[in-house]
Amino acid sequence: MADTKTSNNENIMDYAEHDRTYSMFLIGAKWVTIVSCAILIGMAFGFFAGAGLIGGTLVAIICVVLAKFLA
């Protein structure tokens, strides 16, 4: 059988590290969402507005830059 005895030191959770990790996860999730939406907006603009690849790319870049200042 496995040894089920644990010391008190093994049960202590590092809350500061947990908060930093969770904060980094939220920042990453926010930016993945922003970039994905910017790409979709750029693709829609390039296809439906007739702007093509360069116009859609510029719109996507502008969306990400605006999100940087607003988020």
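The values are calculated or read from the model by the stated rules, or taken from the named source; none is laboratory data. It should be emphasised that the depicted structure is a prediction, and the values quoted were computed from it without experimental measurement. Please note: Cβ atoms are built from the backbone with ideal geometry, for glycine as well, and neighbour counts cover all protein chains shown.
The residue of the stretch 4-52 that is modelled with the highest pLDDT, among those that are farther than 24 Å from A67 by Cα and among the hydrophobic types (A, V, I, L, M, F, W, C), is A16. Note on the stretch 32-58: residues that are of a type outside the set (V, I, T) and touching a residue at least 24 places away in the same chain (Cβ under 8 Å) total 2. Candidates are the residues of the stretch 52-71 that are under 21 Å from the mean Cα position of the chain (by Cα) and of a type in the set (G, A, S); the one that is farthest from A29 (Cα to Cα) is A60.
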